[in-house]
Structure formats: C-alpha cells, structure tokens
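Participant: Once you've had a glance at the structure underneath, I'll fire off some questions.
The values are calculated or read from the model by the stated rules, or taken from the named source; none is laboratory data. In this text, all values refer to a predicted model and were calculated from it rather than measured experimentally. Neighbour counts run over all protein chains shown; Cβ positions are idealised from the backbone, glycine included. The area values use the complete protein model at the heavy-atom level, side chains included, leaving out ligands, DNA and RNA. Shrake-Rupley method; radii C 1.70, N 1.55, O 1.52, S 1.80 Å.
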Amino acid sequence: MMERGESPQRVLEELVRRVKADVERFSFRALGSMCPKPPMIAKIAYFIGMDGNAGDRGVWKSIAELEEEVIEDLGSLLSNPHAVGAIVSCGTEANIIALWAARNYTGKREVIVPASCHVSFYKAADLLGLKIIKAPLRSDYTVDVDYVKRKITDKTAAIVGIAGTTALGVVDSITELSEIALEKDVYLHVDAAFGGMVLPFLRNLGYKVPDFDFKLEGVCSITVDPHKMGLAPIPAGGILFRDQDMIEPITHETTYLAGGGVKSFTITGSRPGGSITAVWALMKILGREGYREIVRKCMNLTERLAQGIEKDENLELMVKPVMNIVGVKPKSISIKRFSKAMRRLGWMLSEFPTHLRIVLMPHHTDDLIEELLLDLRKAAMCKVKTSFNSLGVEVKGDEASRRSC
C-alpha cells in the first residue's frame, strides 16, 4: 500500500485493463466452468443489496424477507414450498452444512458418498471429523446403490446422492437411495448444486428426468446453487432442508446483534445481501418460463456438440448428456496430451483422468460449438508435438506459435 492514494479514475482504468482479459477468456473459451456470465440486471440487483448483511436480520429486515421468498421459490421448484434454508457462499458450504446437520441430528460419524462426489464432501469430513466411505459407480457412472445399502451400519450418519455429477452431469438413482434411507432410517442428502436448476426445467421440456428432490420422502436436504444455472453472480449457493427439525441441532443464537436473539445455522455469520437481492430479482424477472427457455438453449447447444463428437472418428462421447455437460475423450492419444493441446488452442476445459468436461452455459453460442468441434478434432490428432500448419490450418506469427500441440 502506498503512502498517498491514486486518483479513482486511474485506479479504475487499471482494474479494467487488468481484468479485461479474464472476462473475455471466461465469456468465450472457459467451457470448463459451471458458472454463468450474469446478466446486467443481476449485477444491478446485487449492487442494490450489497450493503446488506443477511446475518443481521434485526437491521436488514427486508433482506431477510427476500431470502425467505427465495427459499420458498427454490423449495417449490424442488417439490417442497415449506423447505427451510439459506443462500450461502457456494455448494461447498452448502454440502458442509448438510453433513454438519446430519452428524448432529443423528449423533453418528460415517458418511457414504459416491465415488463421483464433489471434493467438498472430503472437506466436510475433514472439518467435521467424519469418516468417508466411498461407494463405487455402475457402468453408467451412477452410484452403486446396492453397495451403499450393504455399507450402512449403526454408525452411518448420512448417505449422499448426486443430481448432476461434477464430471459428467449424470444423476444417481435418488429414488433407490430414498427407499434405502427410509428403510434403514438414515439421513439422505442430495447434491444438486448444478442439476437443481436444470432438471426441473428439463422435465417441463419433455426430457425424461428421474425424481431427485423432496418429492422423495427420504430426501432430508438438497444443495442447489443459483450462481450456476440460476445465472446469479457469485457468491450464491443454496442449502435447503425438508423442515425446521433438521436444522435445530446446528442452530446457534447470536444475542448481541441488533434486535437480539438472531438464530442462524450457516457457517458464516455475515452473509452478503447482494447475493439474495440478485437471486430474488432473477427469479422474479425470468420466472419458470424464462429459465425453461435458457435450459432449452443450453440443451440445444449440448446436443449439437454431442452429435458432432459422435460423428468424429477421432473422438468419443463418454455418455449421452443428461444435462448441459459433455464428457469427451480422444481415441488415440492420452487425456493429458489432449488437454494440453486444447489449452494451446486457447480453450479452458475441465480435465478428469478419463476425459475432458465441457459445460454449455447460457452465454455460449452456436458459432462457438462449430469452432470447438474443429479444435477438438485437431487436438485429438496431435500425436506429436507439431505446429497446426502441418494439419492444414493456416496460421501466422504469434498465433501459429500459440496454436500448436
């Protein structure tokens, strides 16, 4: 920090200059990200509420009311308008809160998770002193529910199902997990961080969508992130519980806040009001119809990409996409080489041991799909380190240097 400050104009100009490249990269070539490019109206709504502190309900009463409305809308979307919950920082915090509730609610310390679960469950186990039991996957990349059932003991605090896995976007058989949870009297948490704001609209569009939410009696809590397909600015994660009883064991009272007697079950005390005002505004403006059309557009892009991959002799589609997430791998080179080649072509895709993940978000375009398919094909053919000129691509100068395997 300098002794004397600089002019606001100069500081803002430098900020724009330094962040501009990241914004452009994210907008067009960071197809590994599950986060959106929020519409301007969401940014304005965030700004309106940014002074607010959702953790101080005695002062920020309107923010508290808006959050209640948001939770009611999310609950209705997930088959339970009477759900209780909160807008938190992200899916990681939501999953930690869910396992915290499960541990305190049951008094037990073992959690059975799919091998496909998000890293947040391992963070939760570390923080909460839980033992993780990892269940293998079936050939369709969903959790082996028979294995889950066999591993439940009198030490099991919770079982977990994923509605939209991080790697491939597939949906575990939450129906079977719910039946097991009811039969064995165990807590079931569903991580629908991505799928929670996709699957309900896919069903409306006529896609075959398995039940995954509070419609199933065994589901105790659900993670759903409005800052993914809800289009909200970060941070805006969400955690919902079936009823008030689920959160009582993790609820703490903060007596010194304005109005006194403020109770909360979130990990953080202060929470940004802007996250709530942004989500509230988006849900009011878009409505179910608006979100349905957004999902329709994303699925159209997804299906075009999947079809293009299937037609290419150098590429292989991991699974038929369940939602707007595509897994692709090359047929003749390693994933590492494939990933590096795509990065040299300027794409930022998510690298997994078996494939690259591509997420088609609302800000992506038809033209982008054609360019992506062309570069996936080039990258899959990169058996040796060579320039793309040898592949018949005309590039010059610095661009030729960048676009090499």
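Participant: Might you let me know whether segment 154-166 holds any residue that is at pLDDT 95 or above and surrounded by fewer than 20 Cβ atoms within 10 Å (Cβ to Cβ)? Steps first, answer last, please.
Facilitator: Restricting attention to segment 154-166, the residues satisfying the condition of being at pLDDT 95 or above are 154-166.
Then drop every residue that is not surrounded by fewer than 20 Cβ atoms within 10 Å (Cβ to Cβ), which leaves 154-155.
Yes, segment 154-166 contains at least one residue that is at pLDDT 95 or above and surrounded by fewer than 20 Cβ atoms within 10 Å (Cβ to Cβ).
Participant: I would also like to ask the following. Which residue out of K134, K108, K149 is in a loop (DSSP other than H, G, I, E, B), at negative phi and open to solvent by 60 Å² or more (accessible area, probe 1.4 Å)?
Facilitator: Values: K134 fails: in a loop (DSSP other than H, G, I, E, B); K149 fails: in a loop (DSSP other than H, G, I, E, B).
Exactly one of K134, K108, K149 is in a loop (DSSP other than H, G, I, E, B), at negative phi and open to solvent by 60 Å² or more (accessible area, probe 1.4 Å), namely K108.
Participant: I would also like to ask the following. Pairs please, first residue from segment 233-255 and farther than 18 Å from N95 by Cα and in contact (Cβ under 8 Å) with a residue 24 or more places away in the chain, second anywhere and assigned to a loop (DSSP other than H, G, I, E, B) and open to solvent by 10 Å² or more (accessible area, probe 1.4 Å), Cβ atoms under 6 Å, 6+ apart in sequence or on different chains.
Facilitator: Partner pairs satisfying both residue conditions: P233/P38.
Participant: Criterion first (surrounded by fewer than 24 Cβ atoms within 10 Å (Cβ to Cβ), closer than 22 Å to P362 by Cα, of a type outside the set (F, W, Y) and at pLDDT 95 or above) does G230 satisfy it?
Facilitator: no
Participant: Is there a residue in segment 238-255 that is among the small types (G, A, S), under 20 Å from M197 (Cα atoms) and open to solvent by less than 30 Å² (accessible area, probe 1.4 Å)? Explain how you work it out, then say what you get.
Facilitator: Here is the first cut: in segment 238-255, the residues among the small types (G, A, S) are 238.
Pick out the ones that are also under 20 Å from M197 (Cα atoms) and you get 238.
After this cut, where a residue has to be open to solvent by less than 30 Å² (accessible area, probe 1.4 Å) as well, the list is 238.
The answer is yes, given that some residue of segment 238-255 is among the small types (G, A, S), under 20 Å from M197 (Cα atoms) and open to solvent by less than 30 Å² (accessible area, probe 1.4 Å).
Participant: Also, quick follow-up: Out of curiosity, is Y207 in contact (Cβ under 8 Å) with a residue 12 or more places away in the chain, under 21 Å from the mean Cα position of the chain (by Cα) and surrounded by fewer than 17 Cβ atoms within 10 Å (Cβ to Cβ)?
Facilitator: Spelling it out, Y207 is indeed in contact (Cβ under 8 Å) with a residue 12 or more places away in the chain, under 21 Å from the mean Cα position of the chain (by Cα) and surrounded by fewer than 17 Cβ atoms within 10 Å (Cβ to Cβ).
Participant: Only one of (1) open to solvent by 70 Å² or more (accessible area, probe 1.4 Å); (2) over 22 Å from the mean Cα position of the chain (by Cα) is not met by E24, so which one is it?
Facilitator: (2)
Participant: Looking only at segment 214-256, count how many residues are of a type in the set (D, E) and either in contact with a Gly (Cβ under 8 Å, 6 or more places away or on another chain) or assigned to a helix (DSSP H, G or I) (or both). Let's see the steps before the verdict.
Facilitator: Our first condition is that a residue be of a type in the set (D, E); within segment 214-256, this holds for 217, 225, 243, 245, 248, 253.
Next, from what is left, pick out any that are either in contact with a Gly (Cβ under 8 Å, 6 or more places away or on another chain) or assigned to a helix (DSSP H, G or I) (or both): 225, 245, 248, 253.
Total satisfying the criteria: 4.
Participant: On to the next question. Quick check: anything in segment 59-76 without any contact (Cβ under 8 Å) to a residue 24 or more places away in the chain, at negative phi, open to solvent by 30 Å² or more (accessible area, probe 1.4 Å) and of a type in the set (S, T, Y)?
Facilitator: Kept after step one, since they are without any contact (Cβ under 8 Å) to a residue 24 or more places away in the chain, are these residues of segment 59-76: 61-62, 64-65, 68, 72, 76.
Checking the rest, the ones that are also at negative phi come to 61-62, 64-65, 68, 72, 76.
Checking which are open to solvent by 30 Å² or more (accessible area, probe 1.4 Å) leaves us with 61-62, 65, 68, 72, 76.
Still in the running and of a type in the set (S, T, Y): 62, 76.
Checked segment 59-76: at least one residue is without any contact (Cβ under 8 Å) to a residue 24 or more places away in the chain, at negative phi, open to solvent by 30 Å² or more (accessible area, probe 1.4 Å) and of a type in the set (S, T, Y).
Participant: Name the residues in segment 296-339 that are open to solvent by less than 60 Å² (accessible area, probe 1.4 Å), hydroxyl-bearing (S, T, Y) and in contact (Cβ under 8 Å) with a residue 24 or more places away in the chain, would you?
Facilitator: Within segment 296-339, just T302 meets the criteria.
Participant: Tell me, which residue of segment 270-295 that is open to solvent by 50 Å² or more (accessible area, probe 1.4 Å) and in contact with a Gly (Cβ under 8 Å, 6 or more places away or on another chain) is farthest from E68 (Cα to Cα)?
Facilitator: S270
Participant: Might you check whether a residue that is over 27 Å from G107 (Cβ atoms) and either open to solvent by 20 Å² or more (accessible area, probe 1.4 Å) or modelled with pLDDT under 95 (or both) occurs anywhere in segment 189-196?
Facilitator: Among the residues of segment 189-196, not one is over 27 Å from G107 (Cβ atoms) and either open to solvent by 20 Å² or more (accessible area, probe 1.4 Å) or modelled with pLDDT under 95 (or both), which makes the answer no.
Participant: Looking at (1) at pLDDT 95 or above; (2) within 29 Å of L199 (Cα to Cα), which one does F338 not meet, given that it meets all the others?
Facilitator: So F338 meets the others, but not (2).
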